[in-house]
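Before any comments, here is the structure.
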Amino acid sequence: MHCDLEVRDQYIAAKERWARKMAGLAKPQARSENRLPPGQRLVTNFPVLDLGIQPDVPLDKWELKIHGLVENPVTLNWAQFLAWPQFKDVSDFHCVTTWSQFDMEWEGVAFFTMADLVKPRPEAAHVFFKSYDGYTTNNPLEVCLDDDVLIAHRWKGQPLSKEHGGPARVILPKRYAWKGAKFIHEIVFGDRDILGFWEVRGYSNTADPWREDRFA
Ligand SMILES: Nc1nc2c(c(=O)[nH]1)N[C@H]1C(S)=C(S)[C@@H](COP(=O)(O)O)O[C@H]1N2
Ligand SMILES: [Mo]
């Protein structure tokens, strides 16, 4: 449990890190000698994992609905989403099935920027993500407000492919990759935790690769 002030301090600290990154002033990230979390092996071929459905969402039909406990709920079309401030970041990617890939180059809207625009209410503490393929996942708001979290629509300078979750997907580098919803459609802020697709099927709700939080 966190009091509002603690959450607020973390928010401000993460926002300062993010602002430095946006300004291009961030020091090169101090990568530890061992970037590979325990039990993971390094790959370079970016495997595809899904539920067997890769929904076809034409850009002129795509919508991102952001609602729940926010001051400014919004439904964005593709042009409106691209008109929001854009963010680029490089991060590592860890799948619970034991593969990791380093230096993934993402581009999109920082979760921060989005939160600044929709303004979560003080009671908002959890975020529920709903995708076009029926997939869902959930994360605490403070985890989403980290400076490396984004809603990505480009990878390695190219539009995000459908197999990797295009038009847009969520990236949370410090969690196992199932916590980042591909084919994102709705982002719902709430005051309580709702478990997502894998979380109700025995996967860890915290999903921290460095602690090997794989299963509940
Ligand atoms: N909508 C949606 N998002 C999803 C999934 C999915 O099946 N549907 N799979 C998750 C899992 S288990 C992983 S490891 C990553 C895989 O992303 P990738 O296929 O781009 O490697 O997406 C996550 N997000
Ligand atoms: Mo996964």
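The values are calculated or read from the model by the stated rules, or taken from the named source; none is laboratory data. Owing to the predicted nature of the structure, the values given are computational and were not obtained by experimental measurement. Every residue, glycine as well, gets a Cβ built from its backbone with ideal geometry; the counts of neighbours run over all protein chains shown. These area figures cover heavy atoms from the full protein model, side chains too; ligands, DNA and RNA do not enter into them. Shrake-Rupley method; radii C 1.70, N 1.55, O 1.52, S 1.80 Å.
Using beta carbons and a limit of 9 Å, which pairs, at least six apart or on different chains, have the first residue in region 154-173 and without any contact (Cβ under 8 Å) to a residue 60 or more places away in the chain and of a type in the set (A, V, I, L, M) and the second one within 16 Å of ligand 2 (Cβ to nearest atom) and not in a strand (DSSP E or B)?
Close Cβ pairs satisfying both conditions: Leu160/Lys182; Val170/Lys179; Val170/Gly180; Val170/Ala181; Val170/Lys182; Leu172/Lys179; Leu172/Gly180; Leu172/Ala207.
Looking at Lys174, Lys162, Lys182, which is the one that is farther than 22 Å from Leu76 by Cβ, open to solvent by 10 Å² or more (accessible area, probe 1.4 Å) and not in a strand (DSSP E or B)?
Lys174
Is there a residue being buried (at least 23 other Cβ atoms within 10 Å of the Cβ), in contact (Cβ under 8 Å) with a residue 40 or more places away in the chain and not aromatic (Phe, Trp, Tyr) anywhere in region 193-207?
Yes - at least one qualifying residue is present in region 193-207.
Does region 23-46 contain at least one residue that is modelled with pLDDT of 95 or more, surrounded by fewer than 16 Cβ atoms within 10 Å (Cβ to Cβ) and acidic (Asp, Glu)?
Checking region 23-46: not a single residue is modelled with pLDDT of 95 or more, surrounded by fewer than 16 Cβ atoms within 10 Å (Cβ to Cβ) and acidic (Asp, Glu).
Among the residues of region 72-86, which ones are farther than 18 Å from Glu186 by Cβ and either within 17 Å of the chain's Cα centre (by Cα) or touching a residue at least 24 places away in the same chain (Cβ under 8 Å) (or both)?
Leu82, Pro85, Gln86
Taking interchain pairs and intrachain pairs at least six residues apart, which have beta carbon atoms under 6 angstrom, with the first residue in region 112-131 and aromatic (Phe, Trp, Tyr) and the second away from ligand 2 (no atom under 16 Å from the Cβ) and in a loop (DSSP other than H, G, I, E, B)?
These pairs meet every condition: Phe128/Ile194.
Of everything in region 146-159, what is part of a loop (DSSP other than H, G, I, E, B), open to solvent by less than 20 Å² (accessible area, probe 1.4 Å) and closer than 30 Å to Gly52 by Cα? Give them in sequence order.
Result: Asp148, Val149.
Say we look at region 185-203 and pick out the residues that are assigned to a loop (DSSP other than H, G, I, E, B) and within 11 Å of ligand 1 (Cβ to nearest atom); which of these is nearest to Lys65 (Cα to Cα)?
That would be Gly196.
Could you go through region 109-118 and let me know if any residue there is surrounded by fewer than 17 Cβ atoms within 10 Å (Cβ to Cβ) and either assigned to a helix (DSSP H, G or I) or more than 15 Å from ligand 1 (Cβ to nearest atom) (or both).
Yes: one or more hits.
Mind telling me which of the residues Asp56, Asp103, Asp92, Asp60 ends up being acidic (Asp, Glu) and open to solvent by less than 30 Å² (accessible area, probe 1.4 Å)?
Asp92
Checking Ile53 against (1) farther than 30 Å from Arg20 by Cα; (2) outside any loop (DSSP other than H, G, I, E, B), which single condition isn't satisfied?
Of the numbered conditions (1) farther than 30 Å from Arg20 by Cα; (2) outside any loop (DSSP other than H, G, I, E, B), the odd one out for Ile53 is (2).
Can you report the number of residues in region 63-85 which are closer than 17 Å to Gly134 by Cα, surrounded by fewer than 17 Cβ atoms within 10 Å (Cβ to Cβ) and of a type outside the set (Lys, Arg)?
Of the residues in region 63-85, 1 are closer than 17 Å to Gly134 by Cα, surrounded by fewer than 17 Cβ atoms within 10 Å (Cβ to Cβ) and of a type outside the set (Lys, Arg).
Condition test on Glu123, is it over 23 Å from Asp50 (Cα atoms) and in a loop (DSSP other than H, G, I, E, B)?
Judged against the criteria, Glu123 is a match.
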